[in-house]
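Here is the structure we will look at.
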């Protein structure tokens, strides 16, 4: 069932008070292509007239500016009652004007989407609007302004593939139909759950499912985090949260350092993030079909300033985790927000499923994002640093180590196996790898041990 919100009801649900100011249409003839549109679709003019009478709108999208939780934004809202919220040439004109206003005024763009796709009665002229919207989205992205999409019911076709999936942060209403293929054109027997907001969340395509009554607050929080002044310079590394007494001496052997890092008592990423930030907003998913609960990514406020973060949670990192972290780093770089990463993984997942999911390419993507980021990066090694799966998340030249941590070219057990050593020789191998925190400082890998 289609979303019961009209375009203006959706706007009223998220914009503060009555402060919405609609953007004026570009001057010109009402319908320059004739009463039945650019391809002469029989009765199209009458359909437009009926849609206008039924909805009170002149097109399928309403665009304007308003404040959401105190943050000024350009707001785009679709009217599904107007020909199924379809995109035609006039829709493209209005959307282009909205993106242009956001870019010129340096405002975030919030889109409240409910659409069935491109308008068939305008033929290829309608489909070409997707390129128009994609170009405007890219221009706004290059300007450094964030884009947040809200997927209403339904969000399908080109509207999903441009305004929706092209946004930086994607929220959806519960039960919303979301997918490139609408309900009438899917393959027979297709799993309907895959075309829902919940299904898209599980497959890493959206960031959160938000109830209607919580939507205004959710948008306000996201706009506050993405629009806060960035932390100046590299983020300071978090102070140590110790599993052992503060006065305890450093690990005497490599194997002792490994044991400390693997201790169940040792603090994990959740504890560090809670101690470091006043509040956080998290993204979810790699936009390629996967999620990794062992990689937390998002934006936090610290002393009123924004810092992005990507944190491993002590598990083997999945390809989706590396891609999500790369997505976070690229978004933070575009918004000018510095990045803090917390390294804690025994290594990259190395089972057959991880290989099929492109583990190597995902790790390479994160290495590339970290290497080319223009914003300051800081990394704290808080536990295990297992080989390239850990190094991919490490800031080049700005790595710090917590006392209960180690970093190694490979896990001691794997090193012993490769070198044909016995299991009894694993502790000795750990010593030879020089993986203790102060070893990392001596080797020039870490800048220091925190605390």
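Each reported figure results from applying straightforward, stated rules to the coordinates on display, with no laboratory input. Just so you know, these numbers come straight off a predicted model, no measurement behind them. Glycine gets a Cβ as well: all are built from the backbone with ideal geometry, and neighbour counts include every protein chain shown.
Here 367, 78, 322 are placed in order of increasing Cβ neighbour count within 10 Å, fewest first, which gives 367, 78, 322. Estimated at 0.36 nm per residue, the fully extended path between residue 186 and residue 263 surpasses their Cα-Cα distance by 22.7 nm.
Residue exposure proxy: 409, 450, ordered by other Cβ atoms within 10 angstrom of their Cβ from fewest to most, comes out as 409, 450. Out of all Cα-Cα pairs in the range 7-227, roughly what percent, to the nearest whole number, are more than 30 Å apart? Tail of P(r) above 30 Å: 19 percent of Cα pairs. Between residue 236 and residue 443, the simple spin-label model (points 7 angstrom out along Cα→Cβ) gives 2.9 nm. Each label was represented as a point 7 Å from its Cα along the Cα-to-Cβ direction; for residue 364 and residue 425 these points are 3.4 nm apart.
Given a Förster distance of 25 angstrom, what is the FRET efficiency for residue 212 paired with residue 279, based on the Cβ-Cβ distance and rounded to 0.05? Kindly include the intermediate steps, with their values, before the conclusion.
Values: r = 22 Å, r/R0 = 0.90.
So the FRET efficiency works out to roughly 0.65.
For the chain, the longest principal axis of the C-alpha atoms and the axis of helix 359-372 are separated by about 90°. Calculated FRET efficiency, residue 4 to residue 330, Cβ-Cβ distance, R0 = 35 Å: about 0.45 to the nearest 0.05.
Provide 80, 180, 299 in ascending order of the number of other Cβ atoms located within 10 Å of each residue's Cβ, fewest first.
In increasing order of surrounding Cβ atoms, one gets 180, 80, 299.
A crude spin-label estimate for the pair residue 350 and residue 24, with each label 7 Å from Cα along the Cβ direction, gives 6.6 nm.
Rounded to 0.05, the FRET efficiency of the residue 253 and residue 142 pair, given R0 = 41 Å and the Cβ-Cβ distance, is 0.20. Annotation: the antiparallel percentage among DSSP beta bridges lying fully within the chain is about 40.
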